[in-house]
Amino acid sequence: MADRLRRLRVLPFEYAVRNLGRVPTRTLQAAGGIAAVVLLVVGAAAFARGMTRALDRPPGLHRNVLLVGSGSEDSTERSRVAAGTDRVVAASVAGLAERHGAPLVSPEVHAALPVRATRAVGVDAGTDPDPLPESNAILRGVREEAFLVHAEVRLVAGRLPRPGADEVVAGGLAPARVGVDDLPLGSTILIAGRAWTVVGRFAAPGRVMDAELWMPLGDLQVLLRRDDLSCVVATLDTATLGDLEAFCLRRLDLELSAVEETAYEASLASFYRPVRLMAWIAAGLVGVGALLGGLNTTYAAFAARVREVGMLQSVGYGRAAIVWSLLQESLVAAAAGGLVGCGLGALLLDGRAVRITMGAFALAVDGPVVATGLAAALVAGAIGVVAPAIRCLRLPVPEALRA
């Protein structure tokens with residue numbers, strides 16, 4: 001009976017909390033190591049989360065179908081569609097969404113071109129004495145109906161560009177794409193060696209197109225010296241993908257393929273899946289290294305308390321109770337470090353633009369990312385107490401008291 005009562009005794013939670021304040025340096029080292037690990041985990045999770053949000057179509061928006069040239073289903077930049085196809089589609093396919101009686105069909109040209117901005121506001125990009133290097137960016141030639149077809153895009157500042165005036169509107173992440181902090185209204189940029197004025201800003205939060213530059217369709221065609229299109233984007237109402245596929249089969253002379261916009265963006269997501277995997281692997285390797293370094297500190301801190309553990313056993317506390325108290329102490333320190341790491345991640349990483357091949361996306365430190373970071377902190381705290389506990393408890397009580 002005495003042994004059973006001894007096993008049932010539990011150290012109070014206040015004992016574990018007080019131990020954290022006895023050696024503040026030790027506690028700060030343990031919490032700091034956990035915070036570093038969590039910051040790395042949050043960075044990797046924010047990268048994967050931001051890319052996923054950018055490439056996944058938000059729910060509740062219009063259903064769009066892309067009509068691209070046959071053989072170019074995975075790249076609109078390589079696609080060639082005959083001029084006037086948008087009018088043929090609008091007249092031939094019933095059930096497309098309409099606004100004020102006009103079908104929502106957007107003829108577009110997509111192209112990757114070298115773009116150069118300026119470091120200083122008000123400096124003409126063509127005469128900048130200290131020019132920035134050029135960066136490839138995606139340009140989209142559109143008409144006004146593109147803002148109806150792409151329902152997630154909103155003009156948030158300035159106005160739409162006028163045809164023939166060498167004007168563009170920039171997405172929210174376009175500055176990061178061209179290597180500057182901002183593209184204010186009225187600034188000039190060089191596109192393929194020609195000066196253009198930024199007259200508006202649009203926002204497409206969480207979408208790859210938020211890193212694009214949009215200009216009038218005709219202006220981009222003149223710049224590229226082409227009269228055809230890259231694609232035609234049609235918004236469905238009662239029509240289906242099958243209706244547009246049937247149209248492509250009827251009009252073999254146009255050499256078209258119909259691809260749902262969600263499927264097209266899913267192919268982009270699959271293309272970047274190895275990049276996300278490498279980010280997780282890199283963060284995991286660095287995190288393991290940081291965790292091992294933190295374990296050295298934790299092990300030294302707990303292993304030095306052999307006499308304390310022996311004393312607790314001599315006054316009647318069982319090994320399970322002592323391990324539970326050590327685990328509580330480690331988890332409290334880990335939780336504090338996890339909160340610090342998540343806070344630093346939200347402060348330093350959330351919303352920061354990351355450039356990818358021809359676009360950009362924003363890191364996202366949201367609820368799932370914070371939960372992942374806190375879970376990593378608690379796991380690290382639980383693992384960190386195992387080896388020291390074994391070291392302290394494997395010694396007989398008399399030997400532990402003499403340590």
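Quick note: the coordinates plus some simple rules give every number you see, no bench work behind them. Because the structure is predicted, anything quoted here is derived from the model rather than measured. When we count neighbours, we look across all protein chains shown, and the Cβ atoms used for this are built from the backbone with ideal geometry, even at glycine.
Before moving on, here are some points about what is shown:
- Neighbour counts of C-beta atoms inside 10 Å place Glu245, Glu212 in the sequence Glu245, Glu212, starting with the fewest.
- Annotation: the residues Cys342, Cys231, Cys248, sorted from fewest to most other C-beta atoms within 10 Å of their own C-beta, follow the order Cys248, Cys342, Cys231.
- Here the spin labels are modelled as points 7 Å beyond Cα on the Cα-Cβ line, and at Glu144 and Ser270 they lie 4.0 nm apart.
- Per-residue Cβ neighbour counts within 10 Å put Asp227, Asp86, Asp166 in the sequence Asp227, Asp166, Asp86, beginning with the fewest.
- Taking a ≥ b ≥ c as the square roots of the eigenvalues of the alpha carbon gyration tensor, segment 151-238 is oblate, as a/c is not under 1.5 and a/b does not beat b/c.
- Within segment 26-111, GluC sites (Glu not before Pro) in DSSP loop having at most 11 other beta-carbon neighbours inside 10 Å: none
- The length gained on full extension between Arg251 and Trp280, counted as 0.36 nm times the residue separation minus their Cα-Cα distance, comes to 5.8 nm.
- Directionally averaged shadow of segment 71-254, computed from the convex hull of its alpha-carbon atoms, nm²: 10.9 nm²
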